[in-house]
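Structure first, commentary second.
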Amino acid sequence: MPFNSRKSDRHVIAADIRVTDERGNRTDLVAVDMSRTGLGTDGLIQLKAGQSVTIELPDGTVKHGSTVWREDFSGGLLFDQEMTEQELHRTMRSLASRQQF
C-alpha cells in the first residue's frame, strides 16, 4: 500500500470561495475538494506557498490558514485549526444547498 500523507478524507466539491491574504488582497477561487484539514483549489495564481490567508466559504464559514502548495492553476490551503467531523458535514450540507457567491 502506498504512503498517504493526507490527514483526513477528501470530499469532492465545487464551491466558490474568497481568500484574503495578510495585505487584504482578495482572490476568488474554486474549491474542488474539502477535508477537515483544508481545501484543494483552482485559481491560486496570485498566492505563494506559505502565505497566510483568511478563507471565506459561501455558507459564511471563515477559516484561517495558509497556502501549502501551488502548481499552475491548482493549489492547496491548510486550515490553522482543523474542522471537527460535525463542522465538516454541516458545511458540506450547506454548500450542497446554497447558491455560490
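None of the figures in this text is laboratory data; all of them are computed from the coordinates on show. Note that this is a predicted model, so its numbers are computed, not measured. Note: ideal-geometry Cβ built from the backbone for every residue, glycine included; neighbour counts use all protein chains shown.
With a cap of 11 neighbouring Cβ atoms within 10 Å, and only residues DSSP puts in a loop, list the trypsin sites (Lys or Arg not before Pro) found in the stretch 33-101. When the trypsin sites (Lys or Arg not before Pro) of the stretch 33-101 are filtered for loop state and at most 11 Cβ neighbours within 10 Å, Lys48 remain. In units of the rule-of-thumb radius 2.2 N^0.38 Å, the stretch 37-84 shows an alpha carbon radius of gyration of 1.07. Hydrodynamic radius of the stretch 11-90 by the Kirkwood approach over all distinct alpha-carbon pairs: 12.2 Å. Relative contact order of the chain, please, whole-number percent, based on alpha carbon pairs below 8 angstrom and at least 6 residues apart. Once normalised by length, the contact order is 24 percent.
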